[in-house]
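Novice: The structure is given below, and queries will be raised subsequently.
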Amino acid sequence: KNFRVFDADLHAAFDRLQDHGELYALYTFDIDHFKRVNDTYGHVSGNTVLQAVAKRLEQVVANFDYPAQTYRTGGEEFSFLLIDVVEDFGKATEYTTAVKDALSALTFHTENGEEFHITVSIGQDRSVAEDRNYLDIYKRADKYLYSSKNHGRNAITIRGITIGQAQRVQARE
């Protein structure tokens, strides 16, 4: 879905929060150094990457415990919205890591047979009762996305806490 649909769905989620206290979570991410993909492998390969990311994202979030919607919100920026969530930092970390790992596992091939992979930087936040505007959560998730980028990319930031690649490897050991 495109940004127009994302905007409408985000507004509807905010309205449900205001009317019924129904929590939701927003995850937003960029493909790291996507311009380099286009510049190195060409726009056809870039389009292939965008299509594969959208498809894989839909597959991954379909397995989550909450209703989910996926969006391409800009050039190489994607978002997904989880509806009627229960506040759980562990689940948020699990979901964010699952998306990041699934997208990093994608393998792409150029017309010349070259193989390449991508990484993503992700920001996540959840709705809070203090939100006064439906865009408040988007502003926070976007801020956290940029925190992931500023921590070297290929990272996730959940509610302001950045978890980089090295930290995730240590956590698994």
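The values are calculated or read from the model by the stated rules, or taken from the named source; none is laboratory data. If you're wondering where the values come from, they're calculated on a predicted model, not measured in any experiment. FYI the Cβ positions are ideal-geometry reconstructions off the backbone, even for glycines, and counts take in every protein chain you see. When the accessible area is computed, the model is the full protein with side chains, heavy atoms only, and any ligands, DNA or RNA have been set aside. Shrake-Rupley method; radii C 1.70, N 1.55, O 1.52, S 1.80 Å.
Novice: Can you sort 132, 56 by solvent-accessible area, 1.4 Å probe, largest first? Before the final figure, lay out the partial values.
Specialist: Values: 132 170, 56 80 Å².
Ranked list, largest accessible area first: 132, 56.
Novice: With a 1.4 Å probe and all protein chains left in place, how much of the accessible area of the chain comes from carbon and sulfur atoms, in whole percent?
Specialist: Working: 4210 of 8800 Å².
Accessible surface attributable to carbon and sulfur in the chain totals 48 percent.
Novice: Any idea what the relative contact order of segment 1-155 is, in percent, if you count C-alpha pairs under 8 Å spaced at least 6 apart? Intermediate values should be presented prior to the final figure.
Specialist: On the way: 235 pairs, mean separation 49.3, N = 155.
That works out to 32 percent.
Novice: For residue 119 and residue 139, what is the calculated FRET efficiency with R₀ set at 30 Å and r taken between the beta-carbons, to the nearest 0.05?
Specialist: That pair, residue 119 with residue 139, gives E of 0.80.
Novice: Now, a different point. To test your reading of the geometry: what angle, between 0 and 90 degrees and rounded to tens, separates the Cα axis of helix 136-150 from the longest principal axis of the chain?
Specialist: 30 degrees
Novice: What is the sum of charges around residue 122, taking Lys and Arg as +1, Asp and Glu as -1, for the other residues whose C-beta is under 9 Å from the C-beta of residue 122? Walk me through the numbers before you get to the answer.
Specialist: Numbers: positive: 100; negative: 30.
In short, 0.
Novice: Between [x] 16.4; [y] 15.6; [z] 18.0, which matches Kirkwood radius over Cα pairs in Å calculated for the structure shown?
Specialist: [x]
Novice: For residue 1, what accessible area in Å² do you get when you roll a 1.4 Å probe over the heavy atoms of the protein chains, rounding to the nearest 10?
Specialist: Residue 1 exposes around 120 Å² with every protein chain in place.
Novice: Next question. Where in segment 58-80 does the label zone of residue 3 land, with the point 7 angstrom along Cα→C-beta and an amide N cut-off under 18 Å?
Specialist: Backbone N within reach: 70-80.
Novice: Calculate how many DSSP beta bridges within the chain are antiparallel, expressed in % of all such bridges and rounded to the nearest 5. Display every interim value, and only then the final one.
Specialist: Details: 24 of 27 bridges.
Restricted to the chain, the bridges split so that about 90 percent are antiparallel.
Novice: Can you give the angle from 0 to 90° between the axis of helix 3-20 and the longest principal axis of the chain, with both taken from C-alpha atoms, to the nearest 10?
Specialist: With both axes taken from Cα atoms, the answer is about 30 degrees.
Novice: Ignoring ligands and nucleic acids, what accessible area does residue 87 show with a 1.4 Å probe (Å², nearest 10)?
Specialist: 110 Å²
Novice: Applying 1/(1 + (r/R0)^6) with R0 = 30 Å to the Cβ-Cβ distance of residue 20 and residue 94, what FRET efficiency is obtained, to the nearest 0.05? Don't skip to the end; give the middle numbers.
Specialist: Values: r = 26 Å, r/R0 = 0.86.
Efficiency for this residue pair is about 0.70.
Novice: What number, rounded to the nearest 500 deg cm²/dmol, is the helix-based mean residue ellipticity at 222 nm of the chain, given -39500 (n - 2.57) per DSSP H run of at least four residues and division by all its residues?
Specialist: Numbers: 6 runs with 84 residues, N = 173.
Mean residue ellipticity at 222 nm (helix-derived): -15500 deg cm²/dmol.
Novice: Sort segment 1-87 into rounded, prolate or oblate with this rule: let a ≥ b ≥ c be the square roots of the eigenvalues of the Cα gyration tensor; rounded if a/c is under 1.5, and if a/c is not under 1.5, prolate when a/b is larger than b/c, oblate otherwise. Let's see the in-between values first.
Specialist: Numbers: a/c = 3.13, a/b = 2.27, b/c = 1.38.
Since a/c reaches 1.5 and a/b is larger than b/c, the shape of segment 1-87 is classed as prolate.
Novice: Moving on. So, in nm, how far is label residue 110 from label residue 130 when the simple model puts each one 7 Å beyond its Cα toward the Cβ?
Specialist: 4.9 nm
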